[in-house]
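In what follows, a single structure is set out as structure tokens and then discussed.
The values are calculated or read from the model by the stated rules, or taken from the named source; none is laboratory data. Keep in mind it's a predicted model, so treat the numbers as computed, not measured. For neighbour counting, all protein chains shown are included, and Cβ atoms are generated from backbone atoms with ideal geometry for every residue, glycine included. Please note that ligands, DNA and RNA were not included when accessible areas were found on the heavy atoms of the full protein model with its side chains. Shrake-Rupley method; radii C 1.70, N 1.55, O 1.52, S 1.80 Å.
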Amino acid sequence: MTIVHCGDPKRGAAWAEIFARDLPQVPFRCWPEIGDAQDVRYLIAWTLSEEVISALPNLEVLFSIGAGVDQLDLSILPPHVRVIRMIEPGITTTMAEYVTMAVLALHRDLPALVAGQRAGTFPYMPVKMARERRVGIMGLGELGQAALRMLAPIGFRLSGWSRSGREIEGVETFAGEEGMDAFLGGLDILVCLLPLTPETRGILCRETFAKMPRGAALINVARGGHLVQEDLLSALDEGAISAAFLDVSTPEPLPETHALRSHPAVFLTPHIAGVTRIDTAVYALIDALKGVMAGRSVAGDIDRSRGY
């Protein structure tokens, strides 16, 4: 029962050492040195290729290196292969930290102040208290809840929206299409942490921005496919959206000439909000693998029919 790592060689080498010590009964190989392909039951990867999948005839489980799976072309996987996404403290904590940083920057009008610094004239920006701002998070899974927990002690009024609904202490929650307008209508800062699915692709669009109060701000730390970038640029230029923090884009990276790169109201970062840490993720992987080997359901199991 071999597991194969396909990705960063440094990560693969580090994880091979830990597997040899903590789970020696499962040989750990790094692509393309996989040993006997007939023995490979498990694969861990960020992206997939037909070359890799066709080389593993007895594959049973794919572990995603990331918190999501939309970057994986699941169509090339045999239907019986189980897919499990990464749930580990490194991703969760770094994502919550990034969201908190971005919320505080938007709350204290940092984009406008930085633009003023570059222009040589600082604008007058009236200062509000955190309790005067409402922050709403779209997507109330592991990452969304972690962000809400980190924001709560600062004093922001907090809202959350999900497709199916969830009750969270201290958070005003909304669900489904019927709850979307009320959720958006009260926000100062919108954070997207949704999984990327056919239903959520393009959800950050002109229609969504029009339902938010004029001058609200946006943070997208989910996937580039959630955002209609041309609609955001128009909303920024029209003043409907005051500023945006974007950690993801389409494509990644954006071309050097793309308008989002130089827009004075946009902070753009290179998909680093939630980071799979080499030193912690391997233990989440081992725990999930032990659950699989014991025949249990594990956190991160993906419904392949829905993609999340």
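Data overview
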| item | result |
| --- | --- |
| Equivalent ellipsoid semi-axes - Cα gyration tensor, the range 231-308, angstrom | 39, 15, 11 |
| Linear extension gain, GLN38 paired with ARG206, 0.36 nm per residue minus alpha-carbon span | 55.4 nm |
| Heavy-atom surface of the range 207-308, accessible at 1.4 Å and reported per residue (Å²) | 47 |
| Sulfur and carbon atoms: percent of accessible area, the range 168-292 [1.4 Å] | 52 |
| Stokes-Einstein diffusion coefficient of the range 175-308, Kirkwood radius over Cα pairs, 37 °C, 0.692 mPa s, in µm²/s | 195 |
| Using θ = phi - 60° and Karplus 6.51 cos²θ - 1.76 cosθ + 1.60, couplings along the range 71-85 (whole Hz; Gly, Pro as x) | 6, 8, 7, 5, 5, 8, 7, x, x, 7, 6, 7, 10, 10, 8 |
| Beta bridge orientation in the chain: antiparallel %, DSSP, nearest 5 | 5 |
| The range 56-175: proportion of alpha-carbon pairs further apart than 20 angstrom, % | 59 |
| Dimensions (Å) - the chain, Cα atoms, principal axes, largest first | 66, 42, 33 |
| Sulfur and carbon atoms: percent of accessible area, the range 55-131 [1.4 Å] | 59 |
| Inter-site label distance for ALA299 and THR280 at 7 Å from Cα along Cβ, in nm | 1.1 |
| Residue-level accessible surface for ILE203, protein heavy atoms, 1.4 Å, Å² | 30 |
| Packing rank of 37-48, 126-137, where each peptide gets the mean count of other beta carbons within 10 Å, highest leading | 37-48, 126-137 |
